[in-house]
Every structure is written in structure tokens, then in C-alpha cells.
Amino acid sequence: MSNATGETRRPAPGTGALLSPLGLLAAVAILSTHRDGLTFWLGALLGTVAVLGYLACFDSPRGIWQWLPAVVGFCAAFLFAGQFLIALLT
């Protein structure tokens, strides 16, 4: 959509933009409680997919409604990386 000034309006975040931060938060929750076994690797896989989804969804967020999930996802990606490294190094 564009208006009379030629600016393109960005809609509210889509499903992928909401699912990727939620997937990262779920992966952090899984990795914080399970340090080994199949559950750990499923959490790691979920986190990796969520990081890739985050990179695909938030290549250039515009507007507050796209920046909010982008910031949450960015912080959750660091939490995921920290939890994954803690689990691997212990």
C-alpha cells in the first residue's frame, strides 16, 4: 500500500513475524530445563529454525508494530545461543 506521498505502509506483523520470537522463547525454555537427550536436540532444532525464520521475517522492520517482535526475537536469539552453549559446555 502506498499513500499520496509515495510512502509504503507496512502492515502489522504477520504470522511468521510472531511465530519466530515465540519459537525462540520456547527453545530457550526447553534448553533451560533439558541439558541432554532427545528433548535437548529438539529444542536446539526448534531454536535453529526459529533463528532462520527470524532472519527471513525481520530483514527490514518498519514501524513500531514490526520493531517490537523484532526486538523480542533479537533478545531471545541471544538467550537461545547462551542456553545452547551452556548446555554444550557442561
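Since every read-out is calculated from the coordinates, none of them should be taken as a lab result. Owing to the predicted nature of the structure, the values given are computational and were not obtained by experimental measurement. Here the Cβ positions follow ideal geometry from the backbone for every residue, glycine too, while neighbour counts run over all protein chains shown.
Below are the figures for this structure:
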quantity: Flag if ALA87 is in contact with a Leu (Cβ under 6 Å, 6 or more places away or on another chain) and of a type in the set (A, V, I, L, M); calculated: yes
quantity: Test: residue in segment 50-57 that is in contact (Cβ under 8 Å) with a residue 24 or more places away in the chain and over 14 Å from the mean Cα position of the chain (by Cα); calculated: no
